[in-house]
Amino acid sequence: MNANSLPKNIVLIGMPAVGKSTIGVLLAERIRFSYLDTDIYLQVNEGRRLYEIIAADGMDGFCDIEEKNILSLTCRSHVIATGGSVVYREAAMAHLKSMGALIHMDVSPDELKRRIGNIDQRGVVHSGGQTLADLYAERHPLYRRYEDIFIDCSKKSPEAVVEEITSQILV
């Protein structure tokens, strides 16, 4: 694999439970990049778990904190797995886009429901009363707006998804 043909970074965006973390680790290993999970990065920087931040600061406060942490990123040669809510802040998305290729990983709303179950228990950032289908309908167009590459991850093994991403970023 020719490192010169790779983007500066590869940024994985999409709904919770589409496999960003799993694919991120495998992809980083495959292309010999480092791996960064922005949810972990945020928790380390803030000294609190995601659910603690959401409970204390609310959805908007969480998104502001997430944006601040995203804007602090200056890495190169990384696969970056983002939290699903990062798409709510334009400055964060513009910064990520300036850092490399944005890969939108997607599965159907039915598959998300199967993988996530109860969005409240999973700690998914959402407005009160919002269903997973509502959240998907709200976020999906935002992910599509920012994506460089779209990957349908439905009914594919992690290895097949990694292969599809590498085949598209190395063109």
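Just so it is clear, none of the values below were taken in a lab; they were calculated from the coordinates. These numbers come from a predicted model, not from an experiment. Methodologically, a virtual Cβ is constructed for each residue, glycine included, from the backbone with ideal geometry; neighbour enumeration extends over all protein chains shown.
The table below lists the values:
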item: Dipole axis of the chain (+1 Lys, Arg; -1 Asp, Glu on Cβ), positive-most option in Ile53, Ser157, Ile70; result: Ser157
item: Dimensionless Rg ratio for the chain, taking C-alpha atoms and the 2.2 N^0.38 Å reference; result: 0.98
item: Magnitude of the charge dipole, the chain, Cβ model with Lys/Arg +1 and Asp/Glu -1, debye to 20; result: 380 debye
item: Protection proxy ranking of 73-81, 96-104 - average other beta-carbon atoms within 10 Å, highest first; result: 96-104, 73-81
item: Other-chain or far-sequence residues with amide H under 5 Å of Asp37's (modelled H); result: Ala81
item: Computed over region 7-161: relative contact order in percent, which uses C-alpha pairs under 8 Å that are six or more apart; result: 37 percent
